[in-house]
Each structure stands twice: as C-alpha cells, then as structure tokens.
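Here is the structure we will look at.
The values are calculated or read from the model by the stated rules, or taken from the named source; none is laboratory data. As the structure is a prediction and not an experimental result, all values here were calculated from the model. Note: ideal-geometry Cβ built from the backbone for every residue, glycine included; neighbour counts use all protein chains shown.
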Amino acid sequence: MKKLFSVILAFLMVAGCMSTASFADDDASATVYVSVSDKGKLVAAQKSVKVTDTDGDGTLTVNDALYAVHESAYPGGAKEGYGYYTHKDYGLSISKLWGDTSGNFGYYLNNSSCWSLSDTVENGDYLNAFVYSDSKSYSDKYCFFSSFTVTADVNSAIELTLSSAGYDEYWNPVTLPVAGAEITVDGTATGVKTDENGKATIQISGAGSHVISAVSSSEILVPPVCTVQINGGIFDHIISAITAFLSAIVSFILSVFA
Ligand SMILES: [Ca+2]
C-alpha cells in the first residue's frame, strides 16, 4: 500500500510540474491576443503573441505587442511592417502599421481606447489596432462583441451583442448598440444582421476554431473579432486522448499494486 501511495504521489508531482510549466510565464514576457485590420480588412485575428520588451523601455507596452504581432505575422516581420517614433507632443507614435505609412492609425486595449503606445500590456490582454479606411474624416467606428471568445457545440445558438464605443452629450464614454451589421464567419457573410439592440444569433456547423466578425453597408466598422471554438471533431479526439492517458495510468498503478 505504501508503494501505491508513493506511485500516486510521484504521478501528482509530475502532473503538477507539467501544469506549472505550461502556464508559467516569466515577468519578462506576456501573452497578448492581437488583432489588426488594414482599412477594414482583418489581417490578424486575435493572434497569440509573446510580448517582450523589444523597445527596451523596461516595461511591456502596446508598442512591444504591435512589434510582436508584425514579427510573427507580417511578411518580412516587424522590420518591414511596423515602425514607431517619438513625436514631440504626443510621445511614442506609430509611423508604420501593417506596411501602411498613412499615419491614420487607431488602437484599443481590451476594447478601451489607449492613451498612448506606452500603455502597459498584461498577460491575457486583447489588443486591436487598425489603419483607418476613412482618411479624411476618420469615421471608422470601433466596435466589439460581448465576448472575446466563445465555446459552443456544433449548430448550437451563439448569441452575440455588437457594441461601439461612443460618448454621451456630456462627453462621458458610453457603449452603444451597433444595429444592422451583418455577421461574418471566417470572412464569409452569414446573412444574419444585428437587431436594434446589437444582438445577433448564429450557428456554426463546422467543428474547430472560427473567426466571427461583422460588416455594415451603412457605416464603416473597424472589424470586431470573436474567436469561437466549436466542439466536435478535434475536441472528441482530445477527450479520447485524455481517456486513453488516464486508463494507461490506472493500468500502470494496478500493475504496480499487483
Ligand atoms: Ca517596452
């Protein structure tokens, strides 16, 4: 019995180390999910990037995260696609985003407007940066879904609310529904539009990971992003792998005990 106990204890210690190793993130880096759109075209959808202090200011910032997403997803890396400089009035500023040098850029962290590129980022943050489509009056509307991520079963109802960041008559920030926007899945229009409260319900038939966004014919939207994981297929494989793993452990313990 003592032997069985030590085997179980050893297993728990190994399992504990494994989970610590997979979730550990040293202070010098953070995992941030970065979306980028280039004049209305989504070019990176919640890309998971490891952010490090690439600009050497001693903190992990929006600037480091944007550098990281270009390094990871832009052809030629950050050297080709991203640039920043220090503006005499506004401080650290973007000079190039996704290869665009128009200077018409915006970026939101966790769906809140950033103060500057020097805003700090943390593990698990969502950053959305974009090149304006409307370079004259900057009418591009930043909008976002009620969830960054959703998990659902095949063909089950997925309800989302699309909102935009706006201001009331006293210039207090408020959240407003975005009505009449058509939901897209992996870039394909679904025919489903948001109602007057910004709500829409869709179903997805394919198992696996998908990107939900929205487009509008009446206004320019900065592409919102929600990633959805549809259970089935891959998920079933994972469950069977875990089951096989657990039964192997049970057989091992039983063999030791015997
Ligand atoms: Ca930095």
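Quick rundown of the values:
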quantity: Conditions (1) part of a loop (DSSP other than H, G, I, E, B); (2) farther than 24 Å from CYS114 by Cβ; number of the one not met by TRP171; calculated: (2)
quantity: Residue in the range 184-207 that is surrounded by the most Cβ atoms within 10 Å (Cβ to Cβ), counting only those that are under 26 Å from ILE238 (Cβ atoms), modelled with pLDDT of 95 or more and not aliphatic (A, V, I, L, M); calculated: GLN203
quantity: Looking only at the range 225-245, and only at residues there that are surrounded by fewer than 16 Cβ atoms within 10 Å (Cβ to Cβ) and of a type in the set (Val, Ile, Thr), the one that is modelled with the highest pLDDT; calculated: ILE242
quantity: Residue list for the range 106-138, restricted to those being over 25 Å from ALA28 (Cβ atoms) and part of a loop (DSSP other than H, G, I, E, B); calculated: ASN111, TYR132, SER133, ASP134, SER135, LYS136, SER137, TYR138
quantity: Count - residues of the range 59-71 that are touching a helix residue (DSSP H, G or I) at 6+ places or on another chain (Cβ under 7 Å) and within 9 Å of the ligand (Cβ to nearest atom); calculated: 1
quantity: Filter result for SER213 (among the hydroxyl-bearing types (Ser, Thr, Tyr), touching a strand residue (DSSP E or B) at 6+ places or on another chain (Cβ under 7 Å) and free of Cβ contacts under 8 Å to residues at least 24 places away in the same chain); calculated: no
quantity: Search result, residues across the range 169-186 that are on the phi > 0 side of the Ramachandran plot and touching a residue at least 12 places away in the same chain (Cβ under 8 Å); calculated: GLY180, ASP186
quantity: Sole residue being in a loop (DSSP other than H, G, I, E, B), within 14 Å of the ligand (Cβ to nearest atom) and not aromatic (Phe, Trp, Tyr), chosen from GLY56, GLY76, GLY103; calculated: GLY56
quantity: Restricting the range 94-123 to residues that are buried (at least 17 other Cβ atoms within 10 Å of the Cβ) and β-branched (Val, Ile, Thr), the residue that is farthest from GLY40 (Cα to Cα); calculated: VAL121
quantity: Checklist (1) touching a residue at least 40 places away in the same chain (Cβ under 8 Å); (2) out of contact with any Lys or Arg (no Cβ under 8 Å at 6 or more places or on another chain); (3) crowded, with 16+ Cβ neighbours inside 10 Å applied to TYR132, failing item; calculated: (2)
quantity: VAL256 outside the structural domain of PHE130 (by TED's automatic domain parsing) and either within 21 Å of ASN128 (Cβ to Cβ) or in contact with a Gly (Cβ under 6 Å, 6 or more places away or on another chain) (or both); calculated: no
